[in-house]
């Protein structure tokens, strides 16, 4: 177990608040006997605390008496109150200015090596400290004095463990919340031999020293990374034109895996992308077609405040969106309240697709945040704290949203917000109307929006990977804590060294950037070899199709259409590392497409076996789980790949599926011919194909957007393109 933990410490130390989680983990493992050879077969006996220690209660001293008689004394025993015991570290403040004379009657003295435990109040069972000298103590503390069979430091570790706290918490009673001394004595603790106690103490000390070193290294690396991110974002923002921005982006994008490893830096990257997009640096443009104006000149309606009727429990015919519906800069249709009043159909309270919604009141960080409404007409009215803006013809609402979201516009509104000293500063309509906007032609607006959305989509991929690493890292900590205390087989018969490999394969989102705990750099993703699963390609493809349909069906019963099923299987095969995918898929109008799969291959076989079936949904016909789906018998690895496809692409638009699949196909085709794979060569490849040349305009393809897509693809799919044994046959 110790070796398993050491192997993972460096990666786990990068989790948020890792030092707290890891210290808690090693403490729990120590108390379980994880670092004692043979503890799994001969666990330590559980004994009542009262049977192996003396438990002393403290003495209450009121503030006036304390100040009059005991404050400022130079001799005597330190008087320790609950406030003098640190919450997490357990450090005791002996120099608190209060001492009890050694001959004072009425005070109990806890000898050095006693464990002080807060017994009542908000800190009950949480504040715990080990004394290194004799002390007197307050009435809210218990002093546990171990007998000769307990090493004080070991007892301190046990009492700080979660297993002890859970027992303690179950005994809390009363208004104040405390545990009586009688119930406290009944709490059970493991008491191994003195040799095993010392073994646990030594191992824990060793690990805590290692954790301290890791934390110092992590902080040093974090400072260096923050400095690098600062420089990179400054270079992006300071670019003089699109050509210089492209050079900077090439340098920055090559270091994404090492620099943008936390959500805060990604948030700053998103902001920098929006800033350079609004300045006209993402793409070449005709400066003569650009005009400097203000929002007031670009709106057909608004900005106008909404109306906030009293919410009711509902459901009712009318929904008003909440402020949180646009807090993230993207409209969230799930954030709403029901109201009783229903405005007339022609009321301007009803928002329409393409409207911009802007928060006129929020905290200083969020005031002025906007989002484009993407719902349906008649679905929502908007509240008083939100302004509605409808752009004029010739103004793309998505571009105007970017203009309102750039640093310059946000700062303009924040600086003019009223009541900035309070918790809810507000901007008025005059301020919003005066926001400066740099407006290119409508065609350029759309191109800028497409390029920006591509880059922001890439940021979202990175973000999902970061969140998955954090989530799975915490799950791994819990798994380690629950694991038997040896280095051998667990209850499930798995070897201790296989913990994160198994969990990593089972997780779908983490694989989106290929960055499990065994491999921090996203581009180091390796294909999964599934060659031994099926000898028959059609059967294998049918099992894969079933796994994909099943994964999407788990998320929503809505049928998976043929377009998405085709692309999902393509992405899954690329994730596996199947190099034959380019041979099986043809270049069709909608991108890579495999007609054989539908009529005689995987889809046809899966349908004939009842593994999947056709069904009609809101958006037409598609495929859902069949009655015999369980007989497909897909492996854990295959199911994890299918889940990865779902979690990576399900919320993306079809154009994004098509764009990534097309660029990936072109990249692989060029690589197979040993041609140079560059954004220009990929663009030329697509442009020179009659069946695909329309995609350049349809998908907004240019060298910059293709370079960004190639970078994302390098994170999504294996880079060594090793084929599975099934394909090589």
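Pairs meeting the criteria (first residue in segment 545-560 and modelled with pLDDT of 90 or more, second residue crowded, with 24+ Cβ neighbours inside 10 Å and assigned to a strand (DSSP E or B), beta carbons under 6 Å, at least 6 apart or on different chains) are 546/612; 549/560; 549/612; 549/623; 552/560; 559/623; 560/623.
Residues that are over 18 Å from residue 292 (Cβ atoms) and either without any contact (Cβ under 8 Å) to a residue 40 or more places away in the chain or buried (at least 23 other Cβ atoms within 10 Å of the Cβ) (or both) within segment 389-400 comprise just one, 389.
Set side by side, the residues 214, 207 differ, and just one is farther than 30 Å from residue 269 by Cα and touching a helix residue (DSSP H, G or I) at 6+ places or on another chain (Cβ under 9 Å), which is 207. Is it the case, given these coordinates, that residue 614 is in contact with a strand residue (DSSP E or B) (Cβ under 8 Å, 6 or more places away or on another chain) and either assigned to a strand (DSSP E or B) or surrounded by fewer than 21 Cβ atoms within 10 Å (Cβ to Cβ) (or both)? Criteria met by residue 614.
Take residue 84 and decide whether it is under 30 Å from residue 206 (Cβ atoms) and crowded, with 20+ Cβ neighbours inside 10 Å. Can you show your working first?
Numbers: under 30 Å from residue 206 (Cβ atoms): yes; crowded, with 20+ Cβ neighbours inside 10 Å: yes.
So residue 84 fits the description; yes.
Just the residues that are in contact with a helix residue (DSSP H, G or I) (Cβ under 8 Å, 6 or more places away or on another chain) and either closer than 25 Å to residue 563 by Cα or not in a helix (DSSP H, G or I) (or both), please, taken from segment 687-706. 687, 692, 693, 695, 696, 698, 699, 700, 701, 702, 705, 706, listed by residue number. Scanning segment 281-318 for residues that are surrounded by fewer than 18 Cβ atoms within 10 Å (Cβ to Cβ) and under 30 Å from residue 243 (Cβ atoms) yields 284, 286, 287, 288, 289, 290, 291, 292, 293, 294. Annotation: residue 228 fulfils all but one of (1) touching a helix residue (DSSP H, G or I) at 6+ places or on another chain (Cβ under 7 Å); (2) part of a loop (DSSP other than H, G, I, E, B); (3) surrounded by fewer than 17 Cβ atoms within 10 Å (Cβ to Cβ); the unmet one is (2). State whether the residues of segment 60-81 include one that is outside any strand (DSSP E or B), on the phi > 0 side of the Ramachandran plot and touching a strand residue (DSSP E or B) at 6+ places or on another chain (Cβ under 6 Å). Yes, because at least one residue in segment 60-81 is outside any strand (DSSP E or B), on the phi > 0 side of the Ramachandran plot and touching a strand residue (DSSP E or B) at 6+ places or on another chain (Cβ under 6 Å). Exactly one residue out of 655, 684 is modelled with pLDDT under 90, assigned to a helix (DSSP H, G or I) and out of contact with any strand residue (DSSP E or B) (no Cβ under 7 Å at 6 or more places or on another chain), and it is 655.
Please go through segment 184-216 and give me each residue that is assigned to a helix (DSSP H, G or I) and in contact with a strand residue (DSSP E or B) (Cβ under 8 Å, 6 or more places away or on another chain), ordered by number.
Once the filter is applied, which keeps residues that are assigned to a helix (DSSP H, G or I) and in contact with a strand residue (DSSP E or B) (Cβ under 8 Å, 6 or more places away or on another chain), segment 184-216 yields 184, 185.
Residue 365 passes every criterion in (1) modelled with pLDDT of 95 or more; (2) within 28 Å of the chain's Cα centre (by Cα) apart from (1). Within segment 343-385, which residues are surrounded by 14 or more Cβ atoms within 10 Å (Cβ to Cβ) and either without any contact (Cβ under 8 Å) to a residue 40 or more places away in the chain or outside the structural domain of residue 331 (by TED's automatic domain parsing) (or both)? If the condition is that a residue be surrounded by 14 or more Cβ atoms within 10 Å (Cβ to Cβ) and either without any contact (Cβ under 8 Å) to a residue 40 or more places away in the chain or outside the structural domain of residue 331 (by TED's automatic domain parsing) (or both), then 343, 350, 351, 352, 357, 359, 366 are the ones that fit. For residue 675, indicate whether it is more than 27 Å from residue 463 (Cα to Cα) and assigned to a helix (DSSP H, G or I). No, not satisfied.
Just to be sure, is residue 645 crowded, with 16+ Cβ neighbours inside 10 Å, touching a residue at least 60 places away in the same chain (Cβ under 8 Å) and either in a helix (DSSP H, G or I) or in contact with a strand residue (DSSP E or B) (Cβ under 8 Å, 6 or more places away or on another chain) (or both)? When the stated conditions are applied, residue 645 passes them.
For the residues 197, 171, the requirement of being at pLDDT 90 or above and surrounded by 17 or more Cβ atoms within 10 Å (Cβ to Cβ) singles out 197. Checked against the criterion of being surrounded by fewer than 16 Cβ atoms within 10 Å (Cβ to Cβ), touching a helix residue (DSSP H, G or I) at 6+ places or on another chain (Cβ under 9 Å) and within 28 Å of residue 106 (Cα to Cα), segment 129-146 has no qualifying residue. The strands (runs of 3 or more DSSP E) located wholly in segment 289-328 that include 2 or more residues which are under 29 Å from residue 441 (Cα atoms) and modelled with pLDDT of 95 or more occupy 291-294, 299-305. Of the residues making up segment 415-424, at least one is surrounded by fewer than 20 Cβ atoms within 10 Å (Cβ to Cβ), without any contact (Cβ under 8 Å) to a residue 12 or more places away in the chain, at positive phi and in contact with a strand residue (DSSP E or B) (Cβ under 8 Å, 6 or more places away or on another chain). Could you figure out which of (1) assigned to a helix (DSSP H, G or I); (2) in contact (Cβ under 8 Å) with a residue 12 or more places away in the chain; (3) closer than 24 Å to residue 685 by Cβ isn't true of residue 583? Here residue 583 clears every test but (2).
The values are calculated or read from the model by the stated rules, or taken from the named source; none is laboratory data. Just so you know, these numbers come straight off a predicted model, no measurement behind them. Every residue, glycine as well, gets a Cβ built from its backbone with ideal geometry; the counts of neighbours run over all protein chains shown.
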